[in-house]
Amino acid sequence: MRHRKRKKAAKQTMAMSILVVGALAALIVLACSRVFVVRDVMVVGNRNLLREEVVTQSGVNIGDNVLGISDQTLKQALEQNRYIEYLGHGFDYRGTLTLRIQERLGMAVVYDLGYYYVLDASGVVLECAGSAYPTGVAGPKVTGLDLSPNSRVTVGEKLPVNDKGQLEAMETVLTELESTNLLGRTSELSVKNTDNIYILTAEGAKIELGDTLSLRTKLLIGQEVLSVREAQGNLLGAKIDVSNGKNAHYIPAILPTVTPTPTATPAPTATAAP
């Protein structure tokens, strides 16, 4: 008799435990469904692209559960637009999903086999502009790149070069040109020799940078020389060497002609009569 009562009590306890666990599970599911619902989407890092464009490209909709959203799926969706580089995402207690991106901007132009290509700072090919030089690009034409003859230039991919150091140097220079407000003033960037990099300005002056060490300082020195010399006359053909990172050596296109100072011819001395 007692055994039956104990068995019945055990069954009741087990049933109650199952009910409690089921109720807790239901509450957890309900809480998760509300807490992790996307109620708003914020975009950080866009400059020219509209927020709505980025959100649409991501594939995220209001009401989605954030637990079903991963970095991999967001990266794959967003980077189908070659102007978007996905950096990460976040989610807060208010239900706001934040998409962190970096917008690729056309900052340079390269020429290969009859075609001009627009690049971002890192060397990703954004556009093929055809045989006409593209307008609206913020930065210079890049020369001296050792392009691989066995690879095609493909839009949406990095420029195929044999020397990756050239792309790294290009990115460093373009980034610093933008930060010093010299990007739009630069017409050409040569990275043929990464120890002897130079730029040509729109006014026709050549600024010799050397390597990429202390690059911002070099550019600021060059910028100061440009502002001073520009007020004094034509910069076409002038050279500004800032490669030591400490000061500038300015050489004008035409060196001033030194006019010799005339000297008086001594008068002949009189000879004494014999």
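The values are calculated or read from the model by the stated rules, or taken from the named source; none is laboratory data. Just so you know, these numbers come straight off a predicted model, no measurement behind them. Note that we place each Cβ from the backbone using ideal geometry, even for glycine, and neighbour counts take in every protein chain shown. We work out accessible area using only protein heavy atoms, side chains counted, and drop any ligands, DNA or RNA first. Shrake-Rupley method; radii C 1.70, N 1.55, O 1.52, S 1.80 Å.
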Practice prompt. State the number of residues belonging to segment 90-108 that are at pLDDT 95 or above and touching a Lys or Arg at 6+ places or on another chain (Cβ under 8 Å).
Written response: 1
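Give the residue that is nearest to the chain's Cα centre (by Cα), with candidates limited to residues of segment 58-76 that are within 17 Å of residue 44 (Cβ to Cβ) and open to solvent by 20 Å² or more (accessible area, probe 1.4 Å). Give the steps one after another, and end with the answer.
The initial filter retains those residues of segment 58-76 that are within 17 Å of residue 44 (Cβ to Cβ), namely 58, 60, 66, 69, 71, 74-75.
Next, only the ones that are open to solvent by 20 Å² or more (accessible area, probe 1.4 Å) stay: 69, 71, 75.
Values: 69: 27, 71: 21, 75: 18 Å.
Here the answer is 75.
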Practice prompt. Go through segment 113-140 residue by residue and tally those that are open to solvent by 40 Å² or more (accessible area, probe 1.4 Å) and either touching a residue at least 24 places away in the same chain (Cβ under 8 Å) or on the phi > 0 side of the Ramachandran plot (or both).
Written response: 7
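Of everything in segment 72-105 that's among the aliphatic types (A, V, I, L, M) and touching a residue at least 40 places away in the same chain (Cβ under 8 Å), which residue is nearest to residue 62 (Cα to Cα)?
At the first step, the residues of segment 72-105 found to be among the aliphatic types (A, V, I, L, M) are 74, 77-78, 84, 87, 97, 99, 101, 105.
In the following step, the residues that additionally are touching a residue at least 40 places away in the same chain (Cβ under 8 Å) were identified as 87, 97, 99, 101, 105.
Values: 87: 21, 97: 10, 99: 14, 101: 19, 105: 29 Å.
Of everything passing the filter in segment 72-105, 97 is nearest to residue 62 (Cα to Cα).
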Worksheet item: Can you pull out the residues in segment 187-206 that are surrounded by 16 or more Cβ atoms within 10 Å (Cβ to Cβ) and under 22 Å from the mean Cα position of the chain (by Cα)?
Response: 188, 189, 190, 191, 194, 197, 198, 199, 200, 201
Fill in: Looking only at segment 97-136, and only at residues there that are among the acidic types (Asp, Glu) and closer than 21 Å to residue 179 by Cβ, the one that is farthest from the chain's Cα centre (by Cα)
103
Worksheet entry | Residue list for segment 141-158, filter: out of contact with any Lys or Arg (no Cβ under 8 Å at 6 or more places or on another chain), open to solvent by less than 70 Å² (accessible area, probe 1.4 Å) and at pLDDT below 95 | 147, 148, 151, 153, 154
Worksheet item: Being aliphatic (A, V, I, L, M), in contact with a Leu (Cβ under 7 Å, 6 or more places away or on another chain) and touching a residue at least 12 places away in the same chain (Cβ under 8 Å), is that true of even one residue in segment 214-222?
Response: yes
Worksheet item: Within segment 41-57, restricting attention to residues that are surrounded by 13 or more Cβ atoms within 10 Å (Cβ to Cβ) and among the aliphatic types (A, V, I, L, M), which residue is farthest from residue 85 (Cα to Cα)?
Response: 41
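Within segment 209-227, how many residues are among the hydroxyl-bearing types (Ser, Thr, Tyr) and surrounded by fewer than 16 Cβ atoms within 10 Å (Cβ to Cβ)? Step through it out loud before you land on a result.
Let us first name the residues in segment 209-227 that are among the hydroxyl-bearing types (Ser, Thr, Tyr), namely 212, 214, 217, 227.
Still in the running and surrounded by fewer than 16 Cβ atoms within 10 Å (Cβ to Cβ): 217, 227.
Total meeting the criteria: 2.
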Practice prompt. Mind listing whichever residues of segment 164-178 are over 14 Å from the mean Cα position of the chain (by Cα) and either within 23 Å of residue 84 (Cβ to Cβ) or surrounded by 15 or more Cβ atoms within 10 Å (Cβ to Cβ) (or both)?
Written response: 166
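With the requirement that a residue be assigned to a helix (DSSP H, G or I) and either hydrophobic (A, V, I, L, M, F, W, C) or modelled with pLDDT under 95 (or both), what does segment 186-221 give you?
Keep residues of segment 186-221 that are assigned to a helix (DSSP H, G or I), which gives 215-221.
Of everything in segment 186-221, those that are assigned to a helix (DSSP H, G or I) and either hydrophobic (A, V, I, L, M, F, W, C) or modelled with pLDDT under 95 (or both) turn out to be 215, 219, 220, 221.
Please determine, by comparing only the residues of segment 228-260 that are within 25 Å of residue 195 (Cα to Cα) and among the charged types (D, E, K, R), which one is most open to solvent (accessible area, probe 1.4 Å). Write out each step before concluding.
Residues of segment 228-260 within 25 Å of residue 195 (Cα to Cα): 235-253.
Keeping just the survivors that are among the charged types (D, E, K, R) gives 239, 241, 246.
Values: 239: 66, 241: 43, 246: 167 Å².
Within segment 228-260, the match that is most open to solvent (accessible area, probe 1.4 Å) is 246.
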